[in-house]
Amino acid sequence: MKILNSVFASVLLLGVCGFATSCNDDDDVSNIEFVSGDFVVSKSAMALAGTQPQTLTIKSPVAPIVTSDAAWLRVSEIERSVSASIYTCVVSADENSAYEPRTATLTVKAGNETKTVAVTQYGAETVQLVSVSPSETLDEYGGTLTVTYSATGDVNVTAPQWLSTVTSRSLETNSVEFRYSANYSGEARGGDIVIALASDPSISVVVTVSQANAEASNMNSSAKELAAKMFAGVNIGNTMEPPSGEGTWGAAKVTQEYVRGLKQLGFNAVRIPCAWDSHVSDASTNTIDPAWLDRVDEVVGYIVGEDMYAIVNIHWDGGWLEESCVKGYDAAVDKKQRDYWTQIASKLNHYDEHLLFAGMNEPGQQDQGGVNNTSIDAIKAYQQTFVDAVRATGGNNSTRCLIHQTPYTNIDKGVSSNYSLPNDAVKDRALVEVHFYDPSDFTLMGKDGEWGAGSKVKFYWGAANHIAGSDRNCTWGEESYVDAQFKKMQDAYVAKGVPVIVGEYCVDIRSTSSFSDLDVDAWKASRAYWTEYITRSAKNHGCVPFYWETGSDINRANGTSKNAYVLESLFKGATEGKYPF
């Protein structure tokens, strides 16, 4: 970040529009009345490095007069720019032989208006700290920090990554403001803010800040109470779950700025699909790399520090867990499940109820045909190990809400098979998870013929969006189907005190480069309407929606919207949907 002393002058020159008032040197302007904003001086304070001059810019409807109260401080003749309302003068000083800072005041008079500029001359280039507000000791639950300084030239400001710059101002105030989140990292943190001259970084001032750990003690909410607090959720998809490492699947690494952007969009819950088996430092003991545990802890801290809810799971990661279920129970897999969750839960134990754990992602992923009891028995065993391992770590994990996935996170397999939730001595702390991508030939299918001869990708969902005579209209999975599916989850789980997480739902992006017959406007309307309807129906039936997002709809750099049409529909559905609890 660079703070430029000349920014204000440039803004004045670019921003001036015509003024009705004009003047010449012979006019009597002593009693002219100014409109607010007519009279502006580019600097209220000026720092001079030795005899190096600086330019003062003045916006005024009349010719201003600039005077100095010190003999060593000189002001050149005032020059009018191409704009009749912009004037400049050069301020310079005699050599400061004493090499000690000295001060003077410039008085700028225009008509009956007067402004002053405080001038400090240094014997050499310098950066000096003026104030730190409120203090170098930061509030553990988050806040803002303002550092005010004096500098003889342009500066660069560097700070710890967890301090986010809110506003940088020019020499008019010489200050920089930071925002920071609550510190739920489990330990105190600190760092240096360095303000250095751009021309010579060795000339700098350092502000050392520290922030204590915030105590996380709120673990009182039941699963239903916690679910009711989640307005709308989003996934950080294809980011922390690649076996090849964070961000290697095209989505940028997670930053605090991105998480804050998600909150500003309107989300208050974030699901973090996460790999673990590919981050093992010692396979003989199933030891997770401490650096990876620290990184996941950091990302959870970004989310919880913004008063958002976070879900950490064991995602696909090569299929070591969920795909192995199709072969039946495996003691080695079960041991990994226990060992990994013991380490994950222990590392993240310091977070309060804002953090939830999900034992798997889509267990039995290859078993997409009929229900396989062998697979389901393995899923149930691994989920029981998950509960036992987390609870055994004690502390906040003794009562933390835990999320269990139906076979393949499928609604029908979750309500019509022999699947059941694991035993948990802690009551009212269980949630169940499903994913929703119906109708899949509209949401997921990549190309015509991909799912058999004659199969075609569908573009238009919802009767109002159908195009007459088109073979791209959806033929199943529309409004009544959606309501019926979520009603199944409401009857089987929600009505019995177990809220549901819809951990993933979205419609893949389509384009005319892949489908020449795509009516883009009708498809966008269908995609938006599907997203709105799923979100609303899910909430109406007691299911918390978590939108699947990999960077197509949300900017990964700062969390801003890339496709407003679908996000606005999502939040419309989230607002209109009402949980039945």
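The values are calculated or read from the model by the stated rules, or taken from the named source; none is laboratory data. Here the structure is a predicted model, which means the values were calculated and not measured. Using ideal geometry, Cβ is built from the backbone for each residue, glycine included, and neighbour counts are taken over all protein chains shown.
Tabulated results
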{"item": "Test for Val234: is it touching a Leu at 6+ places or on another chain (Cβ under 7 Å) and at negative phi", "result": "yes"}
{"item": "Subset tally (residues that are in contact with a Gly (Cβ under 9 Å, 6 or more places away or on another chain), charged (D, E, K, R) and not in a helix (DSSP H, G or I)) for the stretch 227-268", "result": "1"}
{"item": "Sole residue being assigned to a loop (DSSP other than H, G, I, E, B) and modelled with pLDDT under 60, chosen from Asn96, Asn5", "result": "Asn5"}
{"item": "Residues of the stretch 431-466 classified as of a type in the set (A, V, I, L, M, F, W, C), surrounded by fewer than 14 Cβ atoms within 10 Å (Cβ to Cβ) and assigned to a loop (DSSP other than H, G, I, E, B), total", "result": "1"}
{"item": "Subset of the stretch 500-528 (residues that are in a loop (DSSP other than H, G, I, E, B) and either closer than 30 Å to Gly414 by Cβ or not assigned by TED's automatic domain parsing to the domain that holds Asn235 (or both))", "result": "Tyr505, Cys506, Val507, Asp508, Ile509, Arg510"}
{"item": "All positions within the stretch 140-162 that are within 26 Å of the chain's Cα centre (by Cα) and either modelled with pLDDT of 90 or more or within 21 Å of Pro201 (Cα to Cα) (or both)", "result": "Leu145, Thr146, Val147, Asn156, Val157, Thr158, Ala159, Pro160, Gln161"}
{"item": "The listed residue being assigned to a loop (DSSP other than H, G, I, E, B), touching a residue at least 12 places away in the same chain (Cβ under 8 Å) and closer than 25 Å to Met489 by Cα, out of Glu549, Glu532", "result": "Glu549"}
{"item": "Residue count, the stretch 313-357 (criterion: closer than 23 Å to Glu504 by Cα, of a type in the set (Val, Ile, Thr) and surrounded by fewer than 20 Cβ atoms within 10 Å (Cβ to Cβ))", "result": "1"}
{"item": "Filtered residues of the stretch 109-136 (kept if more than 18 Å from Ser175 (Cα to Cα) and not charged (D, E, K, R))", "result": "Ala110, Gly111, Asn112, Thr114, Thr116, Gln121, Tyr122, Gly123, Ala124"}
{"item": "Residue count for the stretch 190-218, restricted to those that are surrounded by fewer than 16 Cβ atoms within 10 Å (Cβ to Cβ) and in a strand (DSSP E or B)", "result": "5"}
{"item": "Verdict on Ala310 being within 20 Å of Tyr408 (Cβ to Cβ), crowded, with 22+ Cβ neighbours inside 10 Å, in contact with a strand residue (DSSP E or B) (Cβ under 8 Å, 6 or more places away or on another chain) and in the same structural domain as Tyr408 (by TED's automatic domain parsing)", "result": "no"}
{"item": "Of all residues making up the stretch 423-454, the number that are of a type in the set (Phe, Trp, Tyr), more than 21 Å from Lys488 (Cα to Cα) and out of contact with any Gly (no Cβ under 8 Å at 6 or more places or on another chain)", "result": "1"}
{"item": "The listed residue being out of contact with any helix residue (DSSP H, G or I) (no Cβ under 7 Å at 6 or more places or on another chain) and in a loop (DSSP other than H, G, I, E, B), out of Asp471, Asp428", "result": "Asp471"}
{"item": "Output for the stretch 230-284, where each listed residue is more than 20 Å from the chain's Cα centre (by Cα) and among the polar types (S, T, N, Q)", "result": "Ser244, Ser278, Ser281, Ser284"}
{"item": "Matching option when the condition is assigned by TED's automatic domain parsing to the domain that holds Asn238, of a type in the set (A, V, I, L, M, F, W, C), surrounded by fewer than 19 Cβ atoms within 10 Å (Cβ to Cβ) and more than 16 Å from Thr342 (Cβ to Cβ), among Ala425, Ala378", "result": "Ala425"}
